[in-house]
Structures are given as C-alpha cells and as structure tokens.
Amino acid sequence: MVELGEEALKNFIRMIGLYNSKAKNIIASSKILIEKFNSVVPDNLEDLQSLPGVGRKSANVILNSIFEKNTIGVDTHVFRVSNRVGLCQTKNVLATEMELEKKIPDRFKSYAHHWLVLHGRYICKAKKPLCSQCIINGICQYENKT
Ligand code: SF4
C-alpha cells in the first residue's frame, strides 16, 4: 500500500464513498502498521483504534471478520434495527454493542453484524421501513410498522 501511494490507491477505490479520506487513512495506517506493529494487523480493540480512520465499529468488524472474535460492530443500521425489532432498548451505539454481545448467541456472532447491516440498508430503512416485505415482520416489536 505504501509503495502504491495515495494517488494510485484512489484509482482502485474511487467507486466508494469518501474515497479521498479513506485513501489517506489507508496509507497512514499502513505506515503505522509497518513502523509500530511489525507489519502485522493487531488483534485487539485498543491497537486497532489507534490506526487512522479506524473507530470502534470498524475495529469490532475487523476482530469479528478477520480474527473470528465474538464482537459486534454497531453502526447506524445495527443500532436502528436492533432497537426497532426489540433486540435491545438502548440510547447509543456503545450500549447497543454491550447488549448485543450479551444477547446474541456465540454461534450467530460471526454473521450478526452483517445481517443487521444489510437488513437495515435494504429493508428496515431509516425513513420508511419496508415492513410488508420484511421476513421478520411477525416477530418485530416496532410500534410504527408501515
Ligand atoms: S417489520 Fe418493519 S420495522 Fe420491523 S424489522 Fe421489518 S422492516 Fe423493520
């Protein structure tokens, strides 16, 4: 990545949102990984969050998807869907993460984040959830179903 450089990297990731700042963070993170972590991606929350552009959600996704740890990354979709369906009743993403890690059985944890994100992105949309197309309509506890 460092040899490739920021400008060349942008050409590969141009189709995703915020690619300018993402390219910058990827190059900066790559340099730090080489200098501080012996070119090995760390497997703990604290070190991952020390990398540019890596917040708690991304760190948890990396721990879950790459290192197979039982963590749940909570973004706006996971937060919204979890609260609507009744998985939790929380006021912020950190509390949601704690609740979901307690409640979701370990055997589902490798996919739970992705399922909740995709459900929120395509079905349980923020402004107008598509409740008539939702396969969990029957068990969802959201009181303003459409
Ligand atoms: S029934 Fe509606 S509110 Fe409930 S999860 Fe499905 S889309 Fe979301």
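What the table below lists for this structure:
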{"read-out": "Inter-residue pairs, beta-carbon under 8 Å, first in the same structural domain as Asp75 (by TED's automatic domain parsing) and under 18 Å from Ile62 (Cα atoms) and in the range 101-124, second surrounded by fewer than 19 Cβ atoms within 10 Å (Cβ to Cβ) and polar (S, T, N, Q), 6+ apart", "value": "Glu101/Asn70; Asp106/Asn70; Lys109/Asn70; Ser110/Ser65"}
{"read-out": "Residue match in the range 132-139 (condition: closer than 11 Å to Ser82 by Cβ, at pLDDT 95 or above and assigned to a helix (DSSP H, G or I))", "value": "no"}
{"read-out": "Meets criteria (among the aliphatic types (A, V, I, L, M), more than 7 Å from the ligand (Cβ to nearest atom) and not in a helix (DSSP H, G or I)) for Ala112", "value": "no"}
{"read-out": "Val93, sole failed condition from (1) among the aliphatic types (A, V, I, L, M); (2) surrounded by fewer than 16 Cβ atoms within 10 Å (Cβ to Cβ); (3) in the same structural domain as Glu143 (by TED's automatic domain parsing)", "value": "(2)"}
{"read-out": "Check on Lys128, within 15 Å of the ligand (Cβ to nearest atom), assigned to a loop (DSSP other than H, G, I, E, B) and in contact with a Cys (Cβ under 6 Å, 6 or more places away or on another chain)", "value": "no"}
{"read-out": "Cross-chain or 6+ apart pairs with Cβ under 6 Å, the range 49-60 first and closer than 17 Å to Asn20 by Cα, then crowded, with 18+ Cβ neighbours inside 10 Å", "value": "Leu51/Ser29; Pro52/Ser29; Val54/Leu48"}
{"read-out": "Residue check for Lys69: within 27 Å of Ser30 (Cα to Cα) and in contact with a Gly (Cβ under 7 Å, 6 or more places away or on another chain)", "value": "no"}
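The values are calculated or read from the model by the stated rules, or taken from the named source; none is laboratory data. Source: prediction; values computed, not measured. Note that each Cβ is placed from the backbone with ideal geometry, even for glycine, and that neighbours are counted across all protein chains shown.
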